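Novice: Below you will find the structure I want to go over with you.
The values are calculated or read from the model by the stated rules, or taken from the named source; none is laboratory data. Everything quoted here is computed from the prediction, not taken from an experiment. Here the Cβ positions follow ideal geometry from the backbone for every residue, glycine too, while neighbour counts run over all protein chains shown. These area figures cover heavy atoms from the full protein model, side chains too; ligands, DNA and RNA do not enter into them. Shrake-Rupley method; radii C 1.70, N 1.55, O 1.52, S 1.80 Å.
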Amino acid sequence: MMQYLTDNFTSYANNYVSILVELYLLMDVVLLIVWIKPFVVNKRAVYASAAVYYSLWLICNHAGTSKAEDRILTVGFLVLTVLTAWLLDNRRNPVQKIFLFIVFRLISWLSIELFSEIGFWERDFVFRFDWYKYSVEATVIEFLIWNPLQYMLSLLLLLFVIRVLHKTYKYKRDELTWQELVLLLSPAWSLLLVKPIMSSYFLLWMDGIKNGSIKENIQANPYRVLFCIFAYVPIVSVIVFYQKLKEKQEDIFVKNSVKKQIADLSGHIEHIEKIYEEMRGIRHDLGNHLTVIERLAEAGDTKELVRYTKKFTESFEGLQPEIKTGNVVTDVILSEIAGQCEKAGILFESCFMYPQKLAIDPFDMSIVLSNALQNALDAARDVSGSSIRIKSVQREQVFIINVGNTIDHMAAVNDDNIPPSSKHESGHGYGLKNIRSIAVKYKGDIEIRQEESDGRLNFILNIMLVG
């Protein structure tokens, strides 16, 4: 076998390397899937874009085009892959898709480039030994071992970097803006320029060896190795810096959300105080009303008596919230949401009753209901024929609230199963986090489901509280 390999080494080496390259590309695509999967809602987009990526690179590798044409094709392939992922992922977060594929191309290139540079050091090391320089068998064995090892190590490094970036990039489902893209890719612009420069350098050297103008192999250079290693640092550090900024924004937006909730609760309290003030006024005049009714009855003026009592009853009914839950604060909250739904043409149904004999603070309950119903109202506004339904169930010490509303598309969720906010500037979108924190306070949690029923998509929020 060894004799056959040594006699036909050139043709065998070419075929061997070709197979290794094909296997490397296949594993590179597998790692691409690992890389983009946590960022994508529709998993079909992951596999379809990976298939496009693999197919296009196979075409590029076998087309026999020049390096200049390869660079043009690379840009075109990148655009086509991004478009595939964007279209199949419900057309969401296109800027982030661009970032993901550019970063993957860079870290993939750096991984293989680093071990190519290390390969020069390995070559120079083994050339120090006479048994290698003067033994064809040793050359064949080294070739058969080092080449697959080089590809395997580069793939392992790529996987390690992907894991680091996954851990670093926390807000994976948040919308990325063009300004944020420029920030995140700031270390990549120089790499995008260095890559073709290094490729041109190697190509010139290889051409020189072929035409005889250069007699020596490409020299191992520690600076190129250090460049590949340190190139990872700015990519990771910029993402870390970006995520820290996002965390600070989260704190600011949560504070704004809390301020809004306090303002809303103050408005509810003012509404209740107004009702009580008007009721005190009616009670103060109750004696006069009863006197008028008594005199109308004595006079036998039935028509006027009916009119007067009807008006008197309406004045009481106007002070009562539309929805009765067993608690004045939640009465007001649900009644106000019902009024907003009526104006927006949204069907609102309530089967919510305030939990009796459970140690649940009305302030906490008001935050839960305000956030859940306001989020449902915001989501249902733009959907034709939408509806919002709320109901509650109490089983001994456990109280469960179910809120469902119509949506027009599946919402993305983060690793904590909570949709990212798309309304940072107003403080909305953080309501679910506030609801979860209150649920945890009462030894409960929230559950989010998105499902289709009767041809409509529904967002369902279950909140469990233990009183």
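Novice: Which count do you get for residues in segment 376-403 that are free of Cβ contacts under 8 Å to residues at least 60 places away in the same chain, under 24 Å from VAL328 (Cβ atoms) and open to solvent by 30 Å² or more (accessible area, probe 1.4 Å)?
Specialist: 4
Novice: To continue, here is another question. Regarding segment 411-432, can at least one residue be identified that is modelled with pLDDT of 85 or more, open to solvent by 20 Å² or more (accessible area, probe 1.4 Å) and at negative phi? So that I can check it myself, show each step before the final result.
Specialist: From segment 411-432, those modelled with pLDDT of 85 or more are none; that's our starting set.
Within segment 411-432, not a single residue is modelled with pLDDT of 85 or more, open to solvent by 20 Å² or more (accessible area, probe 1.4 Å) and at negative phi.
Novice: Pull up segment 324-364, narrow it to residues that are open to solvent by less than 10 Å² (accessible area, probe 1.4 Å), in a helix (DSSP H, G or I) and touching a residue at least 60 places away in the same chain (Cβ under 8 Å), then point me to the one that is nearest to ASN405 (Cα to Cα).
Specialist: ILE333
Novice: Identify the single condition in (1) open to solvent by less than 40 Å² (accessible area, probe 1.4 Å); (2) of a type outside the set (Asp, Glu); (3) assigned to a helix (DSSP H, G or I) that ILE141 does not satisfy, given that it satisfies every other one.
Specialist: (1)
Novice: Here are LEU26, LEU20: which of them is at pLDDT below 90, assigned to a helix (DSSP H, G or I), among the hydrophobic types (A, V, I, L, M, F, W, C) and out of contact with any Ser or Thr (no Cβ under 9 Å at 6 or more places or on another chain)?
Specialist: Values: LEU26 fails: at pLDDT below 90.
Just one listed residue meets the conditions, LEU20.
Novice: Moving on. Just need a number here: residues in segment 145-167 that are farther than 18 Å from GLU117 by Cα and open to solvent by 20 Å² or more (accessible area, probe 1.4 Å). Break it down stepwise before answering.
Specialist: First pass over segment 145-167, keeping only residues farther than 18 Å from GLU117 by Cα: 159-167.
Narrowing the set further to residues that are open to solvent by 20 Å² or more (accessible area, probe 1.4 Å) leaves 159-160, 163-164, 166-167.
Within segment 145-167, residues that are farther than 18 Å from GLU117 by Cα and open to solvent by 20 Å² or more (accessible area, probe 1.4 Å) number 6.
Novice: Somewhere in segment 114-121, is a residue buried (at least 19 other Cβ atoms within 10 Å of the Cβ) and either among the hydrophobic types (A, V, I, L, M, F, W, C) or under 33 Å from the mean Cα position of the chain (by Cα) (or both)?
Specialist: yes
Novice: Note down all Cβ pairs under 8 Å where the first residue falls in segment 79-104 and is aromatic (Phe, Trp, Tyr), the second is outside any helix (DSSP H, G or I) and crowded, with 18+ Cβ neighbours inside 10 Å, and they're at least six residues apart or on different chains.
Specialist: Close Cβ pairs satisfying both conditions: TRP86/ARG92; TRP86/ASN93; PHE99/LEU176; PHE99/LEU185.
Novice: The conditions are (1) exposed (fewer than 15 other Cβ atoms within 10 Å of the Cβ); (2) assigned to a helix (DSSP H, G or I); (3) modelled with pLDDT of 85 or more; (4) of a type outside the set (Ser, Thr, Tyr), and LEU369 fails exactly one of them. Which is it?
Specialist: (1)
Novice: Being open to solvent by 80 Å² or more (accessible area, probe 1.4 Å) and at pLDDT 75 or above narrows it down to one of VAL75, VAL82, so name that one.
Specialist: Working: VAL82 fails: open to solvent by 80 Å² or more (accessible area, probe 1.4 Å).
VAL75 is the lone residue from the list that is open to solvent by 80 Å² or more (accessible area, probe 1.4 Å) and at pLDDT 75 or above.
Novice: State which residue pairs qualify: first residue over 27 Å from SER108 (Cβ atoms) and assigned to a loop (DSSP other than H, G, I, E, B) and inside segment 202-230, second residue at pLDDT 70 or above and not β-branched (Val, Ile, Thr) in any location, beta carbons under 6 Å apart, and separation of 6 or more residues or different chains.
Specialist: ILE214/GLY208
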